[in-house]
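Written below as structure tokens is the structure these notes are about.
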Amino acid sequence: MSNVPQQRLVQTAIPGPKSAALQARKAAAVSAGVSTGLPVYVERAGGGILVDVDGNQLIDFGSGIAVTTVGNSAPRVVERVTQQVQDFTHTCFMVTPYEEYLDVAEALNELTPGDHEKRTALFNSGAEAVENAVKVARHYTGRNAVVAFDHAYHGRTNLTMALTAKNMPYKHRFGPFAGEVYRAPMSYPFRWPGGPADCAKESFDVFVQQVHAQVGEDNVAAVVLEPIQGEGGFIVPAPGFVKQVAEWCTDNGILFIADEVQSGFCRTGDWFASEHEDVVPDLITTAKGIAGGLPLAGVTGRADVMDSVHGGGLGGTYGGNPIACAAALGAIETMKEEDLCARARQVEALFVPRLQALAERYPQIGDIRGRGAMLAVELVNGPGDLTPNAALTGAVNRACHAEGLVTLTCGTYGNVFRFLPPLAASDELLTEGLDIFEKAFAASV
């Protein structure tokens, strides 16, 4: 249980005067390129509540972008991290290794889809994991080309920016980007020209034809796909699409990389979103929810693939830092002991009927999608007009913030409202948050 009171409390305007003063310091000290969605400065957090420096207690529907899945300062995470800090903080695993790295690698080998022999390498961030997965795939296959999808988001490094589909704010004027990266249409049921019923077959056929014509199967090292897309709009591919792509990869000697940085670790009601699609990736990338808020990421995959890389070819000074590993072990223990996969499914059961009822009243809600505690609504102009409604999305977001609800938007067109609450949040907090969202929507339409 959290020692932070699990109730919303709004005592000042949001942001309050102390947060405003800190934001002024931020403007004077921090690069303008590092922006903040809601400039309230947090001093404590736990469960589903963030406490800011002005004493406001905000309901958290963002989890630091799907990171604090087990809740902020989760007890098992705190206990393990505290002990590890007392023991030692760093040696660099590549210099003098330590058991905590092995514990996390063994846990990932066990938890990720498939019962085949696996190996894991640990890194610092989701982008770093994706970049290293591509390195491994290219090394193993001896091929160069990598295929990603429309609406994809894979990170902010040079290679992962090339994989990412959205220009602003991620890619604008940061090129040139890494080469041999190709893009295919995403299976996007809500916006598929032929309609959702035919989306799986048609989108897969287009994918195969486009790769064949523009790249050539024998040149492709890997296909990188988010089983549920994150920043691109929480797009859930049409049923069967992910499995078809994975099987096509196998048939053509191509590695299938599942980017589960945002969708992994109980977020979607399974340990990994790939499981819902009955897909076993060759390589899977993880980060965000893995360590309860500390920076850690992993690439886990087939032993023959991961072991194909020469000694020293993978690594990094901080990769698999012992404190982050300790946090991951505490987070994974929490997920198991509290059955957070089941909790994510409960969150879905609570949210979806409320969102459906809201959509019946407001035709601007064009689509409700997601899985578990990774849910979204896509806002459009109205019936028969699927033009993305970014203005309404922003207005609702601001109205939620003003009432003490931390919310996030996403989507290639900026018109998707996403819900990522901590799985430690109570039903009472989630219900109150939904009440605020509904009122904000009504006031903004």
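Numbers for the structure displayed
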| read-out | value |
| --- | --- |
| Residue among V299, V352 that is out of contact with any strand residue (DSSP E or B) (no Cβ under 6 Å at 6 or more places or on another chain) and either surrounded by fewer than 20 Cβ atoms within 10 Å (Cβ to Cβ) or under 23 Å from G230 (Cβ atoms) (or both) | V352 |
| Meets criteria (β-branched (V, I, T) and closer than 30 Å to R345 by Cβ) for V95 | no |
| From R343, R371, R354, R361, residue being within 17 Å of the chain's Cα centre (by Cα) and either modelled with pLDDT of 95 or more or over 19 Å from A74 (Cβ atoms) (or both) | R371 |
| Among (1) buried (at least 23 other Cβ atoms within 10 Å of the Cβ); (2) within 18 Å of S274 (Cα to Cα), the one test that N132 misses | (2) |
| Within region 40-55, tally of residues that are under 17 Å from Q23 (Cβ atoms), touching a Lys or Arg at 6+ places or on another chain (Cβ under 9 Å) and surrounded by 24 or more Cβ atoms within 10 Å (Cβ to Cβ) | 2 |
| Residue within region 220-242 that is over 19 Å from L163 (Cα atoms), of a type in the set (D, E, K, R) and either in contact with a Phe, Trp or Tyr (Cβ under 7 Å, 6 or more places away or on another chain) or in contact (Cβ under 8 Å) with a residue 12 or more places away in the chain (or both) present | no |
| Checking I368 against (1) touching a residue at least 24 places away in the same chain (Cβ under 8 Å); (2) of a type outside the set (K, R); (3) touching an Asp or Glu at 6+ places or on another chain (Cβ under 9 Å), the condition it does not meet | (1) |
| Elements of type strands (runs of 3 or more DSSP E) contained in region 359-445, each with 2 or more residues being more than 22 Å from L38 (Cβ to Cβ) | 365-371, 374-382, 385-388 |
| Tally of residues being over 14 Å from the mean Cα position of the chain (by Cα), among the hydrophobic types (A, V, I, L, M, F, W, C) and either at pLDDT below 95 or buried (at least 24 other Cβ atoms within 10 Å of the Cβ) (or both) across region 282-296 | 1 |
| Listing of helices (runs of 4 or more DSSP H) fully contained in region 253-353 that carry 1 or more residues being in the same structural domain as V236 (by TED's automatic domain parsing) and out of contact with any Pro (no Cβ under 8 Å at 6 or more places or on another chain) | 303-306, 322-337 |
| L58 vs. criteria buried (at least 20 other Cβ atoms within 10 Å of the Cβ) and either over 26 Å from A324 (Cα atoms) or outside the structural domain of G414 (by TED's automatic domain parsing) (or both) | yes |
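The values are calculated or read from the model by the stated rules, or taken from the named source; none is laboratory data. Note that this is a predicted model, so its numbers are computed, not measured. Glycine gets a Cβ as well: all are built from the backbone with ideal geometry, and neighbour counts include every protein chain shown.
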